[in-house]
Amino acid sequence: MTTLQKAPTGEALVTLRGVQKHFGALHVLKDIELTVQRGEVVVVIGPSGSGKSTLCRTINRLEPIDEGAIEVDGQPLPQEGRELARLRSDVGMVFQSFNLFPHKTVLQNVTLGPVKVRRRKAEEAERRGRELLARVGVADQAEKYPAQLSGGQQQRVAIARALAMEPKVMLFDEPTSALDPEMVNEVLDVMTSLAREGMTMIVVTHEMGFARRAANRVVFMDAGRIVEEAPPEQFFTSPRSDRARDFLSKILTH
Amino acid sequence: MLETLTDNWDLFVEAFRTTVLLLIVSGAISLVAGTLLGAMRVSPVPALRTAGTAYVTLLRNTPLTFVFFFVAFGFPRLDIRFSYFAFAVVALSAYTSAFVCEAVRSGINTVHVGQAEAARAIGMTFGQTLTQVVLPQALRAAVPPVMSVIIALAKNTTIASGFGVMEAGAIGATLNERGYPAFDAMIWVAVGFVIVVLPLSLTQRRLERAVVRSR
Ligand SMILES: Nc1ncnc2c1ncn2[C@@H]1O[C@H](COP(=O)(O)OP(=O)(O)O)[C@@H](O)[C@H]1O
Ligand SMILES: [Mg+2]
């Protein structure tokens, strides 16, 4: 195997055990068992409506679960409140629709969390914020408002905003699906370099190039279940389940 | 016609001063209380949501005269004794804050849910999410409807004259007693209200334009 990133440590960072989630009568997550190791990059793939977003959102409890247990770095997820807010700040999240704060400048988007949640000094947060903006390649946009940026730039700012909290793990929910094709790569490049630096990442994406380049493991979901898990090369070339084969034949034809 | 105004200039000035004071004091209280009520109505605590909804439903569906009535005659029974002016402020604020609440809530509803989620995802508490992310955006969207509520409040202050407050709404009856034509008196009162409300309308238009620019 020719994976380039640092090897995962073998130490569990995110654990989901027996997770069940319903939306009313709809059973959206079924018996989810998933362990992500520190430094590991897991790509979650599957048909629309299979529960990928919901899975992501349960990990920082934007969605509460009905049954089962989720631990991040050995800590069970607390109930809503201050404790949970603290834990969430350790789990970075990047959304499909960026969700930057439109009334704040790019730099303020990145410093808001460190200042308000981590109680960092404004100057320190700004210095660090500018470093992160440089790292994702938008240093020269710091004083602009999000609406003045392209989609690709906005998504890179969103990644910088999440990184500013120094998270233990980053969740990406289809980070490139809302982008024009020519902007997809600039975002994937940032994510690939994060992966190489050893960030623990759970990435919902259908970008197979990224999965092959950066992922240690592909998790295939269908109808609320994890159907198959395999290293990317193996998953894409010889999936074991019929459902994965069927799904891949659909996304590969276009 | 003109002497109705000039002969009673002091009365007009004094009464409109009271009207403007009622407007400013009740308006300020309503803005603060209405925003808090709006926050209650979107809070994750069910009891707060229920209390907020109950308050708004009750106050919005009660005629203002009744609110005045309950305050002016209910409070003294509870041994709460204020001036007529203070009773009027309480009644007007209690009533108007329900409308401000709804305007603020409609503003909150224009803010995409992803905004609150992004704020929570970086570890903000409910209070921080609201004050740092949701309300600044919601209040911009709420400016036009809130200004309409305040303009309605300016006119609603005239109910206070029925409860012992010498504001502009009392001018007509007073002048009638003094033997001036009621119609002339009312025309001057109407002119006075145009003068009070016009700056509000102009502010509303200016703020609306500013909000559009900041998007
Ligand atoms: N807030 C919600 N309320 C009700 N149903 C929901 C909600 N969010 C998602 N769903 C449903 O749950 C299922 C899984 O959704 P999702 O996790 O978004 O799937 P994916 O991200 O794989 O497309 C879908 O059928 C979707 O319609
Ligand atoms: Mg999804």
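Summary table
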| read-out | value |
| --- | --- |
| Verdict on residue B:168 being of a type in the set (Gly, Ala, Ser) and modelled with pLDDT under 90 | no |
| Residues of the stretch B:69-107 satisfying the condition of being open to solvent by less than 20 Å² (accessible area, probe 1.4 Å) and closer than 30 Å to residue A:158 by Cα | B:104, B:107 |
| Among residues of the stretch A:125-176, those that are under 24 Å from residue A:72 (Cα atoms), more than 16 Å from ligand 1 (Cβ to nearest atom) and open to solvent by less than 20 Å² (accessible area, probe 1.4 Å), counted | 11 |
| Test: residue in the stretch A:34-53 that is in a loop (DSSP other than H, G, I, E, B), within 14 Å of chain B (Cβ to nearest Cβ) and away from ligand 2 (no atom under 16 Å from the Cβ) | no |
| Failed condition for residue B:132, given (1) open to solvent by 20 Å² or more (accessible area, probe 1.4 Å); (2) more than 14 Å from chain A (Cβ to nearest Cβ) | (2) |
| Hits in the stretch B:133-184 - residues which are over 18 Å from residue B:95 (Cβ atoms) and among the charged types (D, E, K, R) | B:140, B:177, B:178, B:184 |
| Top-ranked residue in the stretch A:105-124 [being open to solvent by 50 Å² or more (accessible area, probe 1.4 Å) and part of a loop (DSSP other than H, G, I, E, B); ranked as farthest from the other protein chains (Cβ to nearest Cβ)] | A:121 |
| Count of residues meeting criterion [surrounded by fewer than 15 Cβ atoms within 10 Å (Cβ to Cβ) and within 16 Å of ligand 1 (Cβ to nearest atom)] in the stretch A:57-73 | 2 |
| So residue A:71, is it away from ligand 2 (no atom under 16 Å from the Cβ), away from every other protein chain (no Cβ under 14 Å) and within 17 Å of the chain's Cα centre (by Cα) | yes |
| Pair list, Cβ < 8 Å and 6+ apart or interchain, from the stretch B:86-107 residues that are closer than 23 Å to residue B:21 by Cβ and at pLDDT 95 or above to residues that are charged (D, E, K, R) and open to solvent by 10 Å² or more (accessible area, probe 1.4 Å) | B:98/B:60; B:99/B:60 |
| Residues within the stretch A:177-221 that are within 16 Å of ligand 1 (Cβ to nearest atom) and open to solvent by 30 Å² or more (accessible area, probe 1.4 Å), tallied | 4 |
| Any hit, the stretch B:173-196, residues being of a type in the set (Asp, Glu), within 19 Å of residue B:102 (Cα to Cα), surrounded by fewer than 18 Cβ atoms within 10 Å (Cβ to Cβ) and modelled with pLDDT under 95 | no |
| Yes/no for residue A:102 being more than 14 Å from the chain's Cα centre (by Cα), over 30 Å from residue B:139 (Cα atoms) and open to solvent by 30 Å² or more (accessible area, probe 1.4 Å) | no |
| Members of the stretch A:171-206 that are within 14 Å of ligand 2 (Cβ to nearest atom) and of a type outside the set (A, V, I, L, M, F, W, C) | A:173, A:174, A:175, A:176, A:177, A:205, A:206 |
| Residue list for the stretch A:74-97, restricted to those being at the interface with chain B (Cβ under 8 Å from one of its Cβ atoms), farther than 22 Å from residue A:12 by Cβ and surrounded by 12 or more Cβ atoms within 10 Å (Cβ to Cβ) | A:80, A:85, A:95, A:97 |
| Helices (runs of 4 or more DSSP H) wholly inside the stretch B:97-215 containing at least 1 residues that are under 17 Å from the mean Cα position of the chain (by Cα) | B:135-156, B:182-213 |
| Residues that are more than 8 Å from ligand 1 (Cβ to nearest atom) and within 13 Å of residue A:14 (Cβ to Cβ), drawn from the stretch A:34-55 | A:34, A:35, A:36, A:37, A:38, A:39, A:40, A:41, A:42, A:44 |
| Neighbours by Cβ (under 7 Å, 6+ apart or cross-chain): first from the stretch B:114-126, more than 7 Å from chain A (Cβ to nearest Cβ); second of a type outside the set (S, T, N, Q) and surrounded by fewer than 20 Cβ atoms within 10 Å (Cβ to Cβ) | B:126/B:44 |
| Residue within the stretch B:140-147 that is buried (at least 24 other Cβ atoms within 10 Å of the Cβ) and more than 14 Å from every other protein chain (Cβ to nearest Cβ) present | yes |
| Residue that is under 30 Å from residue B:160 (Cβ atoms), touching a Lys or Arg at 6+ places or on another chain (Cβ under 8 Å) and surrounded by fewer than 21 Cβ atoms within 10 Å (Cβ to Cβ), where the choices are B:60, B:41 | B:41 |
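The values are calculated or read from the model by the stated rules, or taken from the named source; none is laboratory data. Everything numeric in this text was worked out from a predicted model, so none of it was measured. Positions of Cβ are generated from backbone atoms using ideal geometry, with glycine treated the same way; all protein chains shown enter the neighbour counts. Keep in mind that these areas ignore ligands, DNA and RNA; they rest on the heavy atoms of the full protein, side chains included. Shrake-Rupley method; radii C 1.70, N 1.55, O 1.52, S 1.80 Å.
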